[in-house]
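J.: Below are the structure tokens for one structure; questions will follow.
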Amino acid sequence: MSGLNLAQGLFAGPPLPADDIAIRLDRVALKYDEKIVLSDCSVDCKRGQVTGIIGLSGAGKSTILRVINGLRHADAGAVYIDGENITGWNEHELIEMRKKMGFAFQYSALFDSMTIAENVAYPLWEHTRMTKAEIDRRVSETLEALGLSDVENSLPGELSGGMQKRAGFARAIVNDPEIILFDEPTSGLDPIMTHIIVTTIKSIQERLKATSVVVSHDLRSIYALSDTVAMLFEGTIIESGTVNEIRRSPNPIVQQFLQGSELGPIPL
Amino acid sequence: MIQRVILDPFYRFFGYAGGVTMMLGDALRYAVTLQIRPSEVLRQAYFLGVESWPIIVLTSLFTGAVISLETAKAAVQNGFTEYVGSSVAYGTFRELGPLLTAVVFAGRAGAAIAASLGAMKVTEQIEAFQSMGVSPVKVLVTPRLIACIFTVPLLTVFADIIGISAGYYMAHWVAGIPQYTYFHSVQRGTDPSDFYNGLIKAAVFGAIVAIIACYEGFRAEGGADGVGRATTNAVVTAVILTFAFNFGLSYVLFR
């Protein structure tokens, strides 16, 4: 190795993710007050694929999505989005980065003073130079694709939980994001609505070919949606792989979680 | 012990002051660079200002009346009825008009801002703005700040007019002071700068109420209880700061 290469090797920091990795968390740590939420947490999300993150309630799954979106800053480690290390970026830099992301919140987080159509149109008004007619057309197409054409003039409070979830998805995908983050997309829904939501996410994924991260403790949905699954336990990713690899994992914590057993190493 | 008694409150105070200042700086930057929706500013001005109008009218009506009542009685007893109008107007233009308007505005509009933004915070709506690459300060704080800066002086003009008019009716009714004597006294005893400087104070109070209420709303956490706490903190802090700034502004503007 030449002197120059050696110096570059010593000072360049951790290697950049390969091109097929859209999101990388590299040894991320994060605390809320004194509580450790993420600790030495590393995960790769492949471009154009769905990565499912499973774990117990309060394990830090939603926090991972917030770290990816820049809503929470890691105390240590690095977060790479499309090969760029966003750790330490200021709010104005993050605003630019977020324009290529869609975030579907657990409780939808629809703006309750706006109609469903206005909610879905909002990112387009803010980030594009589309005319009102173009925006109206795009919003109608998106709402139709998600089966929400009838409720475009309703307020969020007038819709059921499942419809609110889908309206939240519509807002997250309306500007064709490269990365979509789904926070507990099926929580609190009945099995039929869960099936509809899973089908909806699959069709979104098929249409947009985006890199998606789905956080959930609903294993059936995760199995149905994910190309890769990672299990988060006590702030750390303890296992990752394809659905079959996770199912066959010898890790007793993973097995206890998958089987929903109270017997095992997970402290209750 | 020292940490808990001295350092923690010190850090909290400067943390709070720094947070408010940064939010104000951000909001003003969006205002100066015209990154605002005029329709949203007007909507907020209507909601915060026009709907506060009846309360301001009632407050200033009774305040003007009571000052006049007390002054008129003393004036009749001591023979200086020609000073009743000027004393009511002087106090109203410089202090009571802007100050009472701001206090009532903090109770009505400040509470409304903190409650609505607090509710948005605990239902993740503010994070939703951030997550889609939109600054919540730009869309939520700046319109409210501008609306309050323009609305409180307008409300103060109403408060001044109604307070002085109520003062006249009370002076006339209690002490039989003629209309000409009262309003001539108003004219003679006050300067236009009293009125204008009162409006400058009102604009500053409007900014204080808006930014404190927005900051408290953004800090809300923990559901309905947190929203209630944010609302109370917003009103209490805005009122205290209004009185503190009133002293400073009176010192600077009326020296």
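J.: Just name the residue that is nearest to the chain's Cα centre (by Cα) out of those in region A:68-84 that are more than 9 Å from chain B (Cβ to nearest Cβ) and either touching a residue at least 60 places away in the same chain (Cβ under 8 Å) or in a helix (DSSP H, G or I) (or both).
T.: Out of the qualifying residues, it is A:68.
J.: Taking region A:186-219, which residues are farther than 30 Å from residue A:36 by Cβ and of a type outside the set (A, V, I, L, M, F, W, C)?
T.: A:190, A:191, A:194, A:195, A:199, A:200, A:202, A:203, A:205, A:206, A:207, A:209
J.: Here's a follow-up. Contact list please: Cβ distance under 7 Å, first residue in region B:185-206 and more than 11 Å from residue B:250 (Cβ to Cβ), second residue small (Gly, Ala, Ser) and surrounded by fewer than 21 Cβ atoms within 10 Å (Cβ to Cβ), pairs at least six apart or on different chains.
T.: B:185/B:86; B:186/B:86; B:188/B:86; B:189/B:86; B:190/B:86
J.: Which residue is nearest to residue B:124 (Cα to Cα), if the candidates are limited to region A:109-123 and must be facing chain B (nearest Cβ under 10 Å) and assigned to a helix (DSSP H, G or I)?
T.: A:119
J.: I'd like to check something: does region A:209-226 contain any residue that is free of Cβ contacts under 8 Å to residues at least 24 places away in the same chain and at positive phi?
T.: Within region A:209-226, none of the residues are free of Cβ contacts under 8 Å to residues at least 24 places away in the same chain and at positive phi.
J.: If you don't mind, another one. For residue B:141, indicate whether it is touching a Gly at 6+ places or on another chain (Cβ under 7 Å), within 14 Å of chain A (Cβ to nearest Cβ) and either closer than 30 Å to residue B:252 by Cα or touching a residue at least 24 places away in the same chain (Cβ under 8 Å) (or both).
T.: Answer is no for this residue.
J.: Just checking, how many residues over region A:134-148 are at pLDDT below 90 and over 23 Å from residue A:213 (Cβ atoms)?
T.: Matching residues across region A:134-148 total 1.
J.: Sort out which residues of region A:37-62 are assigned to a helix (DSSP H, G or I) and of a type in the set (Ser, Thr, Tyr), and write them in order of number.
T.: A:62
J.: Does region A:120-127 contain any residue that is of a type in the set (Gly, Ala, Ser) and farther than 30 Å from residue A:60 by Cβ?
T.: Yes: region A:120-127 contains one or more residues that are of a type in the set (Gly, Ala, Ser) and farther than 30 Å from residue A:60 by Cβ.
J.: Sort out which residues of region B:201-236 are part of a loop (DSSP other than H, G, I, E, B) and at negative phi, and write them in order of number.
T.: Matches in region B:201-236: B:220, B:221.
J.: So, one more: Residue A:142 fails exactly one of the following numbered conditions: (1) within 22 Å of the chain's Cα centre (by Cα); (2) assigned to a loop (DSSP other than H, G, I, E, B); (3) of a type outside the set (Gly, Ala, Ser). What is the number of that condition?
T.: It is condition (2) that residue A:142 fails.
J.: For region B:12-56, how many residues are buried (at least 17 other Cβ atoms within 10 Å of the Cβ) and farther than 21 Å from residue B:136 by Cα?
T.: Qualifying residue count, region B:12-56: 3.
J.: To continue, here is another question. For region B:113-121, indicate whether the set of residues that are closer than 30 Å to residue A:97 by Cα and more than 14 Å from chain A (Cβ to nearest Cβ) is non-empty.
T.: Scanning region B:113-121, I find at least one residue that is closer than 30 Å to residue A:97 by Cα and more than 14 Å from chain A (Cβ to nearest Cβ), so the answer is yes.
J.: Looking at (1) away from every other protein chain (no Cβ under 12 Å); (2) assigned to a helix (DSSP H, G or I); (3) under 30 Å from residue A:261 (Cβ atoms), find the lone condition where residue A:65 falls short.
T.: Status for residue A:65: all satisfied but (1).
For every residue, the table says whether it meets (1) modelled with pLDDT of 95 or more; (2) surrounded by fewer than 20 Cβ atoms within 10 Å (Cβ to Cβ); (3) under 17 Å from residue B:127 (Cβ atoms); (4) among the aliphatic types (A, V, I, L, M).
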site: A:14; (1), (2), (3), (4): no, yes, no, no
site: A:32; (1), (2), (3), (4): no, yes, yes, no
site: A:36; (1), (2), (3), (4): no, yes, no, yes
site: A:40; (1), (2), (3), (4): no, yes, no, no
site: A:82; (1), (2), (3), (4): no, yes, no, no
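J.: Where residues in region A:96-108 are aliphatic (A, V, I, L, M) and at the interface with chain B (Cβ under 8 Å from one of its Cβ atoms), which of them is nearest to the chain's Cα centre (by Cα)?
T.: A:101
J.: Pick from A:134, A:93: which is outside any loop (DSSP other than H, G, I, E, B), free of Cβ contacts under 8 Å to residues at least 60 places away in the same chain, within 13 Å of chain B (Cβ to nearest Cβ) and not basic (Lys, Arg)?
T.: The conditions single out A:93.
J.: I've got another one for you. For the subset of region A:167-196 comprising residues that are more than 14 Å from chain B (Cβ to nearest Cβ) and within 15 Å of the chain's Cα centre (by Cα), which member is nearest to residue A:104 (Cα to Cα)?
T.: A:185
J.: Quick check on my filter: what residues within region A:58-106 are in contact with a helix residue (DSSP H, G or I) (Cβ under 6 Å, 6 or more places away or on another chain) and polar (S, T, N, Q)?
T.: Scanning region A:58-106 gives a single hit, A:69.
The values are calculated or read from the model by the stated rules, or taken from the named source; none is laboratory data. Everything quoted here is computed from the prediction, not taken from an experiment. Glycine also receives a Cβ, built like all others from the backbone with ideal geometry; neighbour counts cover every protein chain displayed.
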